[in-house]
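Heads up, the thing below is written out as structure tokens.
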Amino acid sequence: MTPAELSARQGVAEAAARDAGRLASSYLADPGTLAFALKGPQDVVTAADRAVEKVIVRNLRSSFPGDGFIGEEGGGVAADACWVIDPIDGTANFARALPHWCVSIAFVASGRTEIGVIYDPNGDLLYSTLRGEGARRNGAPIRVSTTADPVRATVDIGYSQRTKIDDFASIQSHLLRLGVNVTQSGSAALGLARVADGRLDGYAERHLYAWDALAGLLLVEEAGGLANPFLEGDGLSAGNETVAATPALYDILAAALGR
């Protein structure tokens with residue numbers, strides 16, 4: 001795929017993410033009426049998730065009808081050129097009108113993530129990257145933090161009930177003993193964007209799906225950080241571990257996961 005074709009996709013993805021964020025936000029005008037259901041324990045889905053994903057797919061498909069699509073809600077089949085979409089990452093927060101959720105869109109071509117776009121409507125922050133072109137927030141270049149000392153670091157450690165509680169506790173304990181400040185925002189994509197933006201120093205989670213992780217991992221890499229090779233094996237279809245951090249802290253965070 002040519003640089004011009006990728007650049008065109010990035011522009012459309014940015015516009016689609018902003019449209020999606022506005023639509024999702026409109027559902028919060030009266031949060032008490034926002035019905036939600038559980039796909040599993042603490043795995044929330046709302047009517048907004050499905051509606052927003054449909055809008056994203058429609059906007060992207062109208063410009064690139066030959067591309068494939070994988071969405072958290074609508075599923076899909078991997079293709080050589082494929083969009084990977086999380087319409088509302090952090091739905092449990094969204095359903096409670098908490099401001100830690102975002103729209104995440106990634107584009108994968110020939111087995112490699114080429115585009116990552118994350119939109120945080122609560123802060124009106126559009127994070128965007130094209131492989132090899134650096135990472136930006138609202139058009140301005142961003143870089144990961146320069147934090148090297150664990151006792152000055154703050155990292156986001158995600159959890160889902162797909163993984164063991166004791167394992168999550170072990171990861172947290174390992175980092176806390178090193179003096180790391182540990183938090184959990186409830187949105188992997190937003191946590192990764194904040195690492196790329198230098199607001200956090202690392203993000204790790206035992207298992208994420210591709211729609212949660214791909215856009216944010218590319219943002220971190222393009223902002224000068226390190227990230228694990230998520231797409232190795234069957235990461236696109238089955239998910240994988242996720243580790244992303246400043247270069248000085250990456251090994252510490254990876255060791256906490258036993259890598």
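The values are calculated or read from the model by the stated rules, or taken from the named source; none is laboratory data. These numbers come from a predicted model, not from an experiment. Quick reminder, even Gly has a Cβ in these numbers, built from the backbone with ideal geometry, and neighbours come from all protein chains shown.
Restricting attention to the range 205-223, the residues that are in a strand (DSSP E or B) and either within 14 Å of the chain's Cα centre (by Cα) or closer than 16 Å to L190 by Cα (or both) total 3.
How many residues does the range 73-99 contain that are buried (at least 23 other Cβ atoms within 10 Å of the Cβ) and not aliphatic (A, V, I, L, M)? The total comes to 7.
Looking at the range 7-17 only, could you name the residues that are in contact with an Asp or Glu (Cβ under 9 Å, 6 or more places away or on another chain) and either more than 14 Å from A215 (Cβ to Cβ) or acidic (D, E) (or both)? If the condition is that a residue be in contact with an Asp or Glu (Cβ under 9 Å, 6 or more places away or on another chain) and either more than 14 Å from A215 (Cβ to Cβ) or acidic (D, E) (or both), then S7 is the only one that fits.
When F94, F69 are screened for being free of Cβ contacts under 8 Å to residues at least 40 places away in the same chain and not in a loop (DSSP other than H, G, I, E, B), only F69 passes.
Listed by first and then second residue, the pairs with beta-carbon distance under 6 Å, at least 6 apart or on different chains, first residue in the range 156-181 and free of Cβ contacts under 8 Å to residues at least 40 places away in the same chain, second among the hydroxyl-bearing types (S, T, Y) and surrounded by 13 or more Cβ atoms within 10 Å (Cβ to Cβ), are F168/Y159; N181/T154.
Once the range 201-217 is narrowed to residues that are touching a residue at least 60 places away in the same chain (Cβ under 8 Å) and aliphatic (A, V, I, L, M), the residue that is surrounded by the most Cβ atoms within 10 Å (Cβ to Cβ) is A215.
Answer yes if at least one residue in the range 133-143 is among the acidic types (D, E) and not assigned by TED's automatic domain parsing to the domain that holds G75, and no otherwise. No, that holds for no residue. Restricting attention to the range 224-243, the residues that are assigned to a strand (DSSP E or B) and under 18 Å from I105 (Cβ atoms) total 2. Within the range 90-113, the set of residues being modelled with pLDDT of 95 or more and closer than 16 Å to V52 by Cα comprises W101, C102, V103, S104, I105, A106.
Residues that are polar (S, T, N, Q) and either modelled with pLDDT of 95 or more or surrounded by 15 or more Cβ atoms within 10 Å (Cβ to Cβ) (or both) do not occur anywhere in the range 35-43. Of the numbered conditions (1) touching a helix residue (DSSP H, G or I) at 6+ places or on another chain (Cβ under 9 Å); (2) surrounded by fewer than 17 Cβ atoms within 10 Å (Cβ to Cβ); (3) modelled with pLDDT of 95 or more; (4) assigned by TED's automatic domain parsing to the domain that holds A238, S170 fails exactly one; give the number of that condition. Result: S170 passes all but (3). Just name the residue that is surrounded by the fewest Cβ atoms within 10 Å (Cβ to Cβ) out of those in the range 173-193 that are touching a Phe, Trp or Tyr at 6+ places or on another chain (Cβ under 8 Å) and not in a loop (DSSP other than H, G, I, E, B). Going through the qualifying residues, I end up with A188. Contact annotation: residue pairs with Cβ atoms under 6 Å, 6 or more positions apart or on different chains, pairing a residue in the range 1-21 that is within 15 Å of G116 (Cβ to Cβ) with a partner that is among the acidic types (D, E), are L6/E114.
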